[in-house]
Amino acid sequence: MTAAAPVTAGIWSHYDDDLLFAVPTLDRAIRRGHHVRNLFLTASDAGTGMSTYVTGRERGLRAAYDVMRGSSTPWTDHQTVLSNGVAVTTTSPDDDPRIALAFLRLPDGGLTGGGWYATGYRTLPKLVDGRVSSLTTLDTGRELTLGQLVSTIGAFVAESGASAVLTTMPDSAVGSEGDHPDHGGAGRLVAAAVDAGLVDGEVVRYAVGYPLQSWPANLDAADVDRKLDVFAAYAAHDAVVCRDPAGYASLPGFGDWLRREHHVDHRDLARVEGPR
């Protein structure tokens, strides 16, 4: 009997966090024949709600994974109901079921974590801090409490059969200062799922986000070129960053993130009380 291929499950807040902070890891996994299952918590909508901006970014994700898997065949969307009863929209390439991207489509919190008027100023950071009691999915209008969101992550990881879990650094971790508040919220939810016994902490790794620019550049020229190709395929569909791909490496922040990838094991995570 052939052994099952390893599975990496990613829990991300935005539609480019995996590309900026977990490539080349994800790219190498796909090229080795591994499976990748990503759950994106927010619609990455920047206060626009379910808009052409959101659908464009979702198209960009598919394009980026087409580069990584080496094919551009069509993708098909379907509804997936997890074991805790929460539904997500899942998209997979028709000829490559190894790849699945799941969209929960909660409101984006923005760079301050304060959110926008259009989505009621309710955000992931506010939920994990207890400042709001629930969030509403932008596509289905379902209300999700903190407990339901933690159980959603546990169900997603368990049902994916993950042998590795990737997410961003919790905002309660030393070294997370200056990161996007949504990144910190996503990481804290995963850490909470570990604390609740829903996810095995031994397989969890946290990607350093915005603070990555202060870490050593550790990708060689070939890795940077490949990462740029993957990100450029996505960015062509993102109205905010769409530009000449040759210029990405010189963009503030982006250029630093494209040259780096640093992950921290759950067992090595230094946490403090409350958000940083």
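None of the figures in this text is laboratory data; all of them are computed from the coordinates on show. Because the structure is a prediction, the values reported are computed rather than measured. For neighbour counting, all protein chains shown are included, and Cβ atoms are generated from backbone atoms with ideal geometry for every residue, glycine included.
Data table
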quantity	calculated
FRET E, pair Ala221, Ser163, Förster distance 45 Å, beta-carbon r, rounded to 0.05	0.90
Interchain or long-range residues, amide H under 5 Å from Val165's placed H	Ala9, Val204, Arg205
Proxy reagent accessibility, fewest Cβ within 10 Å first, across Trp116, Trp75, Trp12, Trp215	Trp215, Trp116, Trp75, Trp12
Part-to-part distance (alpha-carbon centres) for the stretch 127-156 and the stretch 160-177, which is given in Å	18
Exposure proxy ranking, count of Cβ atoms within 10 Å, fewest first, for Ile30, Ile11	Ile30, Ile11
Footprinting exposure proxy for Thr119, Thr89 (fewest neighbouring C-beta atoms within 10 Å first)	Thr89, Thr119
Gained length - Thr73 relative to Ser134, 0.36 nm times residue gap less alpha-carbon distance	18.2 nm
Charge dipole of the chain about the Cα centre (unit charges at C-beta), most positive-ward option of Leu166, Gly255, Asn218	Leu166
Size of charge dipole - the stretch 7-268 - debye, nearest 20, with Cβ of Lys, Arg +1 and Asp, Glu -1, no other charges	180
Extension gain from Asp268 to Asp195, taking 0.36 nm per residue of separation minus the Cα-Cα distance	24.8 nm
MRE, 222 nm, helices only [DSSP H, n ≥ 4, -39500 (n - 2.57), over the chain, to nearest 500]	-9500 deg cm²/dmol
Packing-based order for 59-72, 96-109, using average beta carbon neighbours within 10 Å, highest first	96-109, 59-72
Where labels lie 7 Å past Cα in the beta-carbon direction, separation of Asp94 and Thr80 in nm	2.0
Value of relative contact order over the stretch 7-268, rounded to a whole percent, pairs C-alpha under 8 Å and six or more apart	23
